[in-house]
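A short worksheet on the structure shown next.
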There are 2 protein chains.
Amino acid sequence: MSASDHESVPDPARLAAWRALLNAHAAAVGAIERDLATAGLAPLTWYDVLFALAEAPEGRLRLHELADRVVLSRSGLTRLVDRLEGAGLLFREACPTDRRGAYAVLSAEGKAILRRMWPAYARGIVAYFARYVSEEEAGALTAVLGRVAMGDTEALRDEAAARG
Amino acid sequence: MSASDHESVPDPARLAAWRALLNAHAAAVGAIERDLATAGLAPLTWYDVLFALAEAPEGRLRLHELADRVVLSRSGLTRLVDRLEGAGLLFREACPTDRRGAYAVLSAEGKAILRRMWPAYARGIVAYFARYVSEEEAGALTAVLGRVAMGDTEALRDEAAARG
DNA sequence: TTGCACTAATTGCTTATGCAACTAGTTCGG
DNA sequence: CCGAACTAGTTGCATAAGCAATTAGTGCAA
């Protein structure tokens, strides 16, 4: 490492991994998205939102929490929730303790759509991703990519800790 | 595995890996894209195209090849090339052996932009991705995700082989 | 209690992307 | 040589996503 680099340039191995991540994501997501559309089903982003709600207690989440989980900007989430609400898959509910806020609440129809989408989505995950990944590799991927996904949050916490 | 599953549902380990892939990609790409925009630089897709051209012999590639490399639809690529051509970073050139076709050719200014973007992009890759990945993990990621990225092509070849 | 800095969500605007349809050109069988 | 099937690239249309600005509400500090 030269003095001027400050570790700011990735080495070839990590760079190759980065390019592989971009290509794998684009190929797999693109293919799954196409299959879902062909089958007349909702797009992946809809599934992500409905799934996040289904996982949450009482099937409800504040909009900003939802934005974090599906990794979408606030404005993007507002409009995505608009579309889902228009389709009857969820509804907004005012937050009693904070009058600015709203919950997104999964509706019965939303749950039904979630169940209906899963088989097709699962087939896509297997056909375009899981098929190429061994059990051990899956564990490794989860560990590494989990750290990458947490990056933002972690960095913020680190900075806060350094400051405070 | 039940008889009706036909391996069409991913096991928990691979499913977790899939979700980690989605989240890691969204977080890292989003952060890098934001940093580039803040620095007044071109978006990632521009870099990808210019880079693909820079790698190709004579800095030129047929448009459909370019579409494959950057994993974009044909129409998407047409418009992306429009924007890059408008910015003077590349130009179209008619293909002498196929009058339907065109090359995208990297311009001198395109090369310059590519060089100018790299430091910022590299910093982003390190800060939001490489930082969380060890050398061995990088190798494993490249291998696994490389297979995933190749998926499409491979599947088509397999089918062709099975048919022929 | 009043004012100020902050957060939650939405909206206007701009840009990016895909599908389907189209034009143009190639290729191959008969 | 001719037409049918295919490929290259572009365009119309619809949709998705982000930033910046806006509205509304919270909470802390003097």
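Each value in this text was obtained by applying a stated rule to the coordinates, not by laboratory testing. Please read these numbers as outputs of a predicted model, since none were measured by experiment. Cβ: placed from backbone, ideal geometry, glycine included. Neighbour counts: every protein chain shown.
One table, with the values for the structure above:
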| item | result |
| --- | --- |
| Farthest toward positive dipole pole in the protein assembly as shown [+1 Lys/Arg, -1 Asp/Glu at C-beta], among B:LEU72, A:LEU141, B:TRP118 | B:LEU72 |
| C-alpha long axis of helix A:44-55 to longest principal axis of chain A, angle in ° | 80 |
| Chain A - mean residue ellipticity at 222 nm from DSSP helices (-39,500 (n - 2.57) per run, n ≥ 4, rounded to 500) | -22500 deg cm²/dmol |
| Rounded to 10°, Cα long-axis angle of helix A:74-86 versus longest principal axis of chain A | 30 |
| Spatial separation of Cα centroids for the range A:88-146 and the range B:10-65, in angstrom | 23 |
| Overall form of chain A per C-alpha gyration tensor (a/c, 1.5; a/b vs b/c) | oblate |
| Rough spin-label spacing in nm, given labels placed 7 Å along Cα→Cβ, for B:THR97 and B:ALA26 | 4.5 |
| Calculated FRET efficiency for the pair B:GLU58/A:ALA54, C-beta based, R₀ 45 Å, to 0.05 | 0.30 |
| Helix B:108-128 vs. chain B, principal-axis angle (Cα, 0 to 90°, nearest 10) | 30 |
